[in-house]
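Asks: Sending over a structure as structure tokens; questions will come in a sec.
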Amino acid sequence: MRLFSAVFLSFFNYVSFVSGHGYVASITVDGKQYIGNTPYGGNSVPSPIRAITAVEPVKGTANLDISCGHGAQNGAALADASPGSTVSFKWVNSSGGDQWPHSVGPLMTYMASCAPGGCVTFNSLSAQWFKIQQSGLRADGTWAMQDLRDGLPVTVSLPPNIAPGEYLIRHEILALHSAQSIGGAEFYPSCAQLRVEGAQTGVPSSTVSLPGAYSDTDPGILFDPYGTTRDYPFPGPPVSQLVNEPPAVKVAVVDDDAAIDSLDEDVAVDGGTL
């Protein structure tokens, strides 16, 4: 009886751990950490992370919560960033522990401008998203999600030529362990609000809406991760051209006549000017 109770308790804890799933507890931008609020309430701090109301996955690509997560609420703060900044997302399980419950599936990151207003009042359903990162099946047969399973944060870089302004940054886990059938894929999106400084000029050449960019039958969403296919087709748009654009170079305009006059005045030989 005692053995049965121990086995049952262990199984119950495992089921609770998996069924609860998780959320982004904090982000770190260029070394500065920003703490988020838990989905269960209890703490309320001004945060750039949009708090969600449930830790379960978003199911179905037409679900409005696919933009930023279940009942995502606008944050009251902004995280300061620059072109090329690093942003780390710390995902935790439903108990607040480091170990993410799944290891099969890709990770993707999007951004969207909050113009013409600011992110604090911006509705994510109006967002025009562009993708800045995606990582999936690796050469050793493991998925990018394995890093979350190992308790590690996920770090991405902002485009080096991105124009200044306020942006949403959306990190997404796509769990594929049950994606062999329509509706089996599990989406875990999380959004945070950034204030990007600088004097760069880059803007995306194309954008998408969420919902809208995905279909339940897309090859990367209706997908058997346990099959023989080694090439994973990422859903959504390709990574934006912004990611590979170098920073804008400002070239000083030189007045040729003025430069020659200056040279004549400054260079002398044997008491005379050249």
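Asks: Taking the stretch 149-168 as the region of interest, how many residues are on the phi < 0 side of the Ramachandran plot, over 14 Å from the mean Cα position of the chain (by Cα) and not in a strand (DSSP E or B)? Talk me through it step by step, then tell me what you get.
Replies: If we filter the stretch 149-168 for residues that are on the phi < 0 side of the Ramachandran plot, which is where we start, we get 149-150, 152-164, 166-168.
Filter once more, keeping what is over 14 Å from the mean Cα position of the chain (by Cα): 149-150, 152, 160-164, 166.
Cutting the leftovers down to not in a strand (DSSP E or B) gives us 149-150, 152, 160-161, 163-164.
Residues in the stretch 149-168 being on the phi < 0 side of the Ramachandran plot, over 14 Å from the mean Cα position of the chain (by Cα) and not in a strand (DSSP E or B): 7 in total.
Asks: Restricting attention to the stretch 136-168, and to residues there that are hydroxyl-bearing (Ser, Thr, Tyr) and surrounded by fewer than 17 Cβ atoms within 10 Å (Cβ to Cβ), which single residue is nearest to Val203 (Cα to Cα)?
Replies: Looking only at the stretch 136-168, we keep the residues that are hydroxyl-bearing (Ser, Thr, Tyr), and these are 142, 155, 157, 167.
Next cut, surrounded by fewer than 17 Cβ atoms within 10 Å (Cβ to Cβ) only: 142, 155, 157.
Working: Thr142: 34, Thr155: 22, Ser157: 16 Å.
Going through the qualifying residues, I end up with Ser157.
Asks: Going through His102, His171, His177 one at a time, which residue ends up being under 12 Å from the mean Cα position of the chain (by Cα) and surrounded by 15 or more Cβ atoms within 10 Å (Cβ to Cβ)? So that I can check it myself, show each step before the final result.
Replies: Working: His102 fails: under 12 Å from the mean Cα position of the chain (by Cα); His177 fails: under 12 Å from the mean Cα position of the chain (by Cα).
On inspection, the qualifying residue turns out to be His171.
Asks: Now, a different point. Could you list, ordered by first residue, the pairs with Cβ atoms under 7 Å in which the first is in the stretch 27-42 and within 19 Å of Glu197 (Cβ to Cβ) and surrounded by fewer than 16 Cβ atoms within 10 Å (Cβ to Cβ) and the second is modelled with pLDDT of 95 or more and of a type in the set (Val, Ile, Thr), at least 6 apart or interchain?
Replies: Close Cβ pairs satisfying both conditions: Asp30/Thr86.
Asks: Check Trp100 against each of (1) within 17 Å of Ala127 (Cβ to Cβ); (2) in contact with a helix residue (DSSP H, G or I) (Cβ under 9 Å, 6 or more places away or on another chain) and name the one condition it does not meet.
Replies: Among (1) within 17 Å of Ala127 (Cβ to Cβ); (2) in contact with a helix residue (DSSP H, G or I) (Cβ under 9 Å, 6 or more places away or on another chain), the lone unmet condition for Trp100 is (1).
Asks: Does any residue of the stretch 58-75 turn out to be part of a strand (DSSP E or B), crowded, with 20+ Cβ neighbours inside 10 Å and either basic (Lys, Arg) or more than 15 Å from the chain's Cα centre (by Cα) (or both)? Spell out the reasoning first.
Replies: Within the stretch 58-75, the first condition is being part of a strand (DSSP E or B), and the residues that meet it are 58, 73.
When the remaining residues are screened for being crowded, with 20+ Cβ neighbours inside 10 Å, the result is 58.
So of that shortlist, the ones also either basic (Lys, Arg) or more than 15 Å from the chain's Cα centre (by Cα) (or both) come out as 58.
Yes, the conditions are met somewhere in the stretch 58-75.
Asks: Given Pro101, Pro46, which one is closer than 27 Å to Gly136 by Cα and not in a strand (DSSP E or B)?
Replies: Working: Pro46 fails: closer than 27 Å to Gly136 by Cα.
On inspection, the qualifying residue turns out to be Pro101.
Asks: Quick one: Arg195 ticks every box in (1) among the charged types (D, E, K, R); (2) over 16 Å from the mean Cα position of the chain (by Cα); (3) in a strand (DSSP E or B) bar one, so which box is it?
Replies: (2)
Asks: Pull out all pairs, ordered by first then second residue, where Cβ-Cβ is under 6 Å, the residues are six or more apart or on different chains, the first lies in the stretch 217-246 and is farther than 15 Å from His177 by Cα and at pLDDT below 95, and the second is in a loop (DSSP other than H, G, I, E, B) and not β-branched (Val, Ile, Thr).
Replies: Hits for this filter: Glu245/Asn161.
Asks: Of the conditions (1) part of a loop (DSSP other than H, G, I, E, B); (2) touching a residue at least 60 places away in the same chain (Cβ under 8 Å), Thr109 fails just one. Which one is it?
Replies: Result: Thr109 fails condition (1) only.
The values are calculated or read from the model by the stated rules, or taken from the named source; none is laboratory data. Computed from a predicted structure; not experimentally measured. All Cβ positions, even for glycine, are placed from backbone atoms using ideal geometry, and neighbour counts span all protein chains on display.
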